[in-house]
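What follows draws every value from the coordinates through simple rules; no lab data is involved. Quick caveat: nothing in here was measured; it's all calculated off a predicted structure. Cβ coordinates were reconstructed from backbone atoms using ideal geometry, including for glycine residues, and neighbour counts include every protein chain displayed.
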Amino acid sequence: MVIMNKLYKDRKVINIIDDNTNLKIEVEKDNMIIINCFFDNIQDMQIDVKQFDDSYLVINYAGFIRENANVNINVDVIGNNNKTVVNTRTISQKNHATFEVKIKANESTQNNDIIEDLKAINEEGTVTFLPVLQVDTKEVNASHFATIGGFDKNELFYLESKGLSTNKAKDILKRSFIENLFSDNFLKMLNDRKEEHE
Amino acid sequence: MFKIMGLTAKVDNNIILNDFNMEINDGEIHVIMGHNGVGKSTLCKIIMNDENYDILNGKILFNGKNLRDLKTYEIAREGIMLISQNPIAIEGVTNAEVLRTALRETRNDKINIFDFNKKMEEVCDKLKLSRDFIHKDINVGASGGERKKIELLHMAILEPKFIMLDEIDSGLDVDAIKDVASFINEYHKETKCSILIITHHPNIIDYIKPNYVHILDEGHIVKTGDYLLAKQIEKYGFVSTNAMTEDGNHE
Ligand SMILES: Nc1ncnc2c1ncn2[C@@H]1O[C@H](COP(=O)(O)OP(=O)(O)OP(=O)(O)O)[C@@H](O)[C@H]1O
Ligand SMILES: [Mg+2]
C-alpha cells in the first residue's frame, strides 16, 4: 500500500480501538507515525496532526456507522518533504456520518506528498465525505479519491456461486473491505479483542 | 438430469439466446462450440442466475427443479458449479475461508479442519498447484492457468454434480491441459457428474471424451454431433461445418 523509500529515525504506531477521545499529535522531523483506528460503532471524534519536515504520516480509519456522527481529521503540513496518507473504510449500517478530512499545506512549503483515499460501502445508512485539500502552493503532489458504493456485484456473484448465502457473502466482503486496510499486527489486536468479548 | 427448454434471454437489450434447447443426462459430457460473442459464457451465467441477464422465456430444469425460481447460491447448493472463463480475484478473502464457509453453510454439519486441510493439500498436489494458494486471497497474484486450477480446487472440495467449464483450457500450457483433463476425468469417474465444456479447441476433448458436441449459433444449437464434429470445426471453421449435411446432425 505504501512504499517506504526512506529510513525514518523513529517509527511509532498508535492503535485505537473503540476509543473516540480526541487526538492531538505532532510528527517531528524524520519521524514516521501510523495511526490505526477501528470502531465497531463510529462516534464523534477529532484528530489533529501537525507535520514538520521529512516526516511520514499514515492515518487508517475504519469501522461501522450505526449512529449519527461527525469525524474530523485535520492535518497541518507545516514543513517540507513530508508524506501524508489518510485512508478511511467505513460501512454505513444505519443513520449518517460525515467525515471531513482536511489537509493543509501552506504557501511556503515544498515537495510534500498528500493522498486522501476515502471509501465506503452503504447498507442501510449513509455517509458524506468532505475531502478538503487546502494547498496554497504548487510545490505539492496531492490527490484524493472518494468512493461510496454498494457491494461489488461480480464479487457477490462469485461468492454466491460457490454456495454462500447473500448475507454470508456480504459479511465476508465487509470484513475484507476493512481488513485490507490494516497490518497483520493490528488485525491480531482486533481479533484478540473479539475473542475476549465472546 | 439437466434440461433447458425454449430459453430466450437478453443482455443490454440484445437477444443472445433465442429458443435455446438442450438436455444433459446424468453423467454425460457435452461440448458447446461457437464463434466469439455468440453467447456461450452468457448461457453459463444465466444458468447460475446472474442478475445481469434477463430471461424472457423458457425453463431451466435440474432434477425437476426450475432454476429460474432459485437464487444463485441456491443453484450452487443444488450442486451446479460454473468455472468461469475469467475467474475474478478477491482481495482479502482466502480460498480456505470461502470453501470452509461454503461447506459450513451448505452441509450444516461441522467440518473437521484437519481432514479439510489434508484434502485441500492432496488436491493441490494432484493439480500441480502450489499449496500456498490454499491460504492466499482468491486468485490474487495467480496466473491465468493457476486461476483455472484454483477453481478446480474449489470443485474438488464443493463436489458439484453438474459442472460448467467455460474455456477451462484457455491459458493452460500443454502439460497443464493434460493434468487438468486427467483431474477432471478422475472426478467424473468418481462422482458420475455431468459436464458442460465450452471450448474453442478440440485439444481438450482429445483428453476428455464427450458424448456430444454442439454448435451454438444465432441463439441456439444449430448442429449436434460427436467428437468428430469438433475436429471438422477445427479443420473447416464454423461456416463450412454448419453447411455440411453429414452425420451428427440430428435436428
Ligand atoms: N454483462 C454484459 N453486458 C453487456 N453485454 C454483454 C454482457 N455479457 C455478454 N455480453 C454480450 O453478449 C454477447 C455474448 O457474449 P458471451 O460472453 O456470452 O460470448 P461467448 O460466446 O462466450 O464468446 P467468447 O468465445 O469470446 O468467450 C457478446 O456480444 C457480449 O458483448
Ligand atoms: Mg465466453
**Message:** Restricted to Cα positions, what overall size does the stretch A:77-198 have along the principal axes? Three whole-Å values, descending.
**Reply:** 57, 30, 27
**Message:** Quick check on the protein assembly as shown: of the DSSP beta bridges with both residues there, what percent are antiparallel, nearest 5%?
**Reply:** 20 percent
**Message:** I want to verify the translational diffusion coefficient of the stretch A:10-151 in µm²/s; compute it with Stokes-Einstein, Rh as the Kirkwood radius over Cα pairs, at 25 °C and 0.890 mPa s.
**Reply:** 162 µm²/s
**Prompt:** Two-decimal Rg/Rh of the stretch B:105-251 from alpha-carbon positions, Kirkwood Rh?
**Reply:** 1.04
**Message:** Show me the three semi-axes of the equivalent ellipsoid for the stretch A:1-66, from the C-alpha gyration tensor (sqrt of 5 times each eigenvalue), largest first, rounded to whole Å.
**Reply:** 25, 13, 8
**Fill in**
If the chain between A:Asp171 and A:Asn68 were fully extended at 0.36 nm per residue, the gain over the current Cα-Cα distance would be 34.9 nm
**Request:** In Å and from the alpha-carbon atoms only, list the Rg and Dmax of the stretch B:1-106.
**Result:** 14.9, 41
**Asked** Remind me, relative contact order of the stretch B:128-213 in percent, using alpha carbon pairs under 8 angstrom and six or more residues apart?
**Response** 32 percent
**Asked** Assigning unit charges at the beta carbon (Lys, Arg +1; Asp, Glu -1) and nothing else, what dipole magnitude in debye, to the nearest 20, does the protein assembly as shown show about its Cα centre?
**Response** 480 debye
**Item:** For A:Glu67, distant residues with modelled amide H under 5 Å away
**Value:** A:Ile42
**Complete:** Taking the protein assembly as shown, the whole-percent share of alpha-carbon pairs separated by over 38 angstrom is 39 percent
**Request:** Name the lysines eligible as straight-distance cross-link partners of B:Lys126: C-alpha to C-alpha under 21 Å, and not fewer than 8 places from it in the same chain.
**Result:** B:Lys118, B:Lys136, B:Lys148, B:Lys149, B:Lys161, B:Lys178, B:Lys189, B:Lys192, B:Lys209
**Item:** Max mean-square fluctuation residue, GNM over chain A, Cα-Cα springs under 10 Å, options A:Lys138, A:Lys50, A:Lys153
**Value:** A:Lys153
**Message:** Let's test the formula: R0 of 45 Å, r as the Cβ-Cβ distance of B:Arg104 and B:Ser240. What FRET efficiency results, to the nearest 0.05?
**Reply:** 0.30
**Message:** Whole-Hz ³J(HN,Hα) for each residue in the stretch A:144-150, computed from phi via Karplus 6.51 cos²θ - 1.76 cosθ + 1.60 with θ = phi - 60°, x for glycine and proline: what do you get?
**Reply:** 9, 10, 9, 10, 10, x, x
**D (Stokes-Einstein, µm²/s), Kirkwood Cα radius, chain B, 0.890 mPa s at 25 °C** = 130 µm²/s
**Note, ³J(HN,Hα) from phi for the stretch B:139-155, Karplus 6.51, -1.76, 1.60, rounded to Hz, x at Gly and Pro** = 6, 6, x, 9, 6, x, x, 4, 4, 4, 5, 4, 5, 5, 4, 4, 4
**Message:** Per residue of the stretch B:179-187, what does 6.51 cos²θ - 1.76 cosθ + 1.60 with θ = phi - 60° give for ³J(HN,Hα)? Whole Hz please, x for Gly and Pro, Karplus curve as stated.
**Reply:** 4, 5, 5, 6, 4, 5, 4, 5, 4
**Message:** If I take every Cα pair under 8 Å that is 6 or more residues apart in the stretch A:1-114, average their sequence separation and divide by the length, what percent do I get for the relative contact order?
**Reply:** 22 percent
**Asked** To the nearest Å, what is the center-to-center distance of the stretch B:115-149 and the stretch B:30-45, using C-alpha atoms only?
**Response** 27 Å
**Complete:** Note: A:Asp192 to A:Thr21 extended length (0.36 nm per residue) minus current alpha-carbon separation gives 59.4 nm
**Fill in**
Exposure proxy check on A:Ile25, A:Ile115: fewest-to-most Cβ neighbours within 10 Å is A:Ile25, A:Ile115
**Fill in**
Interchain or sequence-distant (5+) residues whose placed amide H lies within less than 5 Å of the amide H of A:Ile148 are A:Ala120
**Request:** Counting only C-alpha contacts under 8 Å and six or more residues apart, can you give the relative contact order of the stretch A:49-100 as a whole percent?
**Result:** 52 percent
